[in-house]
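Structure record follows, encoded as structure tokens.
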Amino acid sequence: MSVKGDNESKESVHRTELYASIPPSCLPIVYHPDYNITFMGLEKLHPFDSGKWGKVIHFLKEEQFITDGNIVEAREATEEDLLVVHSKRYLSRLKWSLVVAKITEIPPLVFLPNALVQRKVLRPLRTQTGGTIMAGKLAVERGWAINVGGGFHHCSSDKGGGFCAYADITLAIRTDQVSGTVFLQGNGHERDFLDDSRVFIMDMYNHNIYPGDRFAKRAIKRKVELDWDTEDAEYLQKVELHSEGALNEFHPDILVYNAGTDILDGDPLGGLSISPQGIVKRDEIVFRAAKQRGIPIFMVTSGGYQKKTARIIADSILNLHQQGLIGAEAMNREEFPSLSTHSMCCSGSAGSAHTTV
């Protein structure tokens with residue numbers, strides 16, 4: 001498939017190899033073992049569980065929802081794929097270990113050869129980025145998709161941060177050439193879509209925490225600011241109210257759902273008090289809103305800084321299947337209209353992680 005790139009005042013066309021032919025028997029759930037970052041224990045220096053994606057898959061296999069044969073294997077985004085959004089200057093900066101150390105917030109990386117950093121840290125992030133782009137295409141074709149990784153909402157076209165080195169959400173929307181809606185203080189994609197009327201951003205976040213990017217907030221069309229220790233009842237009421245309101249206000253081609261779990265009670269960074277059941281219900285509300293309107297939706301898993309988040313993500317995916325919101329029978333192509341050029345990004349998270357619809 002050919003896509004257009006718009007960088008450094010130049011427009012180019014390239015053919016991406018990310019869109020392999022996916023057998024109809026495969027569920028549009030995207031994953032690759034390369035998602036997981038493990039290297040001499042350095043990953044333990046960051047509160048993020050960099051192996052959670054494999055744990056999610058393990059739990060889903062235990063419940064016999066998926067097998068190795070019925071999920072989609074992600075492909076690594078190439079430099080040419082990344083140039084659809086990122087500049088060559090930014091990608092060149094990632095060849096410095098110091099820059100990657102700052103973005104990932106793992107200081108010891110500065111002492112490692114960049115070739116090693118590329119292989120052990122950036123390649124997994126590029127593979128997850130490829131997975132997000134693939135999930136966007138699959139959602140258009142199947143009505144829904146889930147990238148078990150991705151959701152790098154703090155990265156924009158020219159700046160990384162908060163463990164986010166590639167702007168996968170921006171890449172998915174621009175590569176697939178659709179319009180969408182995003183929830184959350186995802187300052188990376190907010191900066192990228194600041195003046196783009198095709199993208200509606202609904203952001204639901206703890207306004208007291210990282211990143212506090214006032215410039216990026218100008219891109220938010222529906223801002224839902226939460227206070228410290230917000231609990232289930234208030235949170236879920238606002239998720240439902242504002243999801244309905246946003247989708248009544250804007251009619252996207254696709255809903256990009258950045259389903260962060262840093263809203264979980266006890267998260268060291270999120271500052272909210274949402275239960276595991278509340279997270280499962282949140283995801284159900286968003287997927288149900290999309291299905292009722294016939295809007296294709298894809299989910300990325302984003303942030304969350306407790307070991308138990310993998311189990312919660314898996315439970316949420318299983319619940320979506322039990323509710324008939326995902327699965328082989330969940331959404332036939334005839335149920336939603338042909339796509340135009342609008343996107344809606346929706347984020348349901350504390351602020352350090354985001355839910356993008």
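Table for the structure above
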read-out	value
For segment 256-262, Karplus couplings with θ = phi - 60° (6.51, -1.76, 1.60), whole Hz, Gly/Pro x	9, 9, 8, 8, x, 10, 6
Descending principal axes extents, segment 219-320, alpha-carbon based, whole Å	36, 29, 24
Pairs from Lys95/Lys159; Lys61/Lys102; Lys102/Lys308 whose Cα-Cα separation, in the structure shown, is over 24 Å	Lys61/Lys102; Lys102/Lys308
In sequence order, calculated HN-Hα J values of segment 229-240 (Karplus, 6.51, -1.76, 1.60; Hz; x Gly/Pro)	6, 4, 10, 3, 4, 5, 4, 5, 4, 6, 4, 5
Phe215, Phe200, Phe152 arranged by Cβ crowding within 10 Å, fewest neighbours leading	Phe215, Phe200, Phe152
Residues His251, His32, His154, His86, sorted so that the one with the fewest Cβ neighbours within 10 Å comes first	His251, His32, His86, His154
Environment charge of Gly270, counting only residues whose C-beta is closer than 12 Å and scoring Lys/Arg +1, Asp/Glu -1	-4
Packing-based order for 92-101, 140-149, using average beta carbon neighbours within 10 Å, highest first	140-149, 92-101
Net +/- balance of residues flanking Val99 in space, Cβ distance below 11 Å, scoring K and R +1, D and E -1	+4
Proximal charge balance of Gln237 [Cβ under 12 Å; K/R count +1, D/E count -1]	-2
Net charge dipole size for segment 234-294 [Lys, Arg +1 and Asp, Glu -1 on Cβ; Debye, nearest 20]	220 debye
Ordering of 300-307, 126-133, 216-223 by burial proxy (mean other Cβ atoms within 10 Å per residue, highest first)	126-133, 300-307, 216-223
Residue order, fewest to most beta carbons within 10 Å, for Cys164, Cys26, Cys155, Cys345	Cys26, Cys164, Cys155, Cys345
Ellipsoid equivalent to segment 279-326 - semi-axes via the Cα gyration tensor, in Å	21, 11, 8
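Bear in mind these aren't lab numbers, they're just calculated from the coordinates by the rules spelled out. Note that this is a predicted model, so its numbers are computed, not measured. Note that each Cβ is placed from the backbone with ideal geometry, even for glycine, and that neighbours are counted across all protein chains shown.
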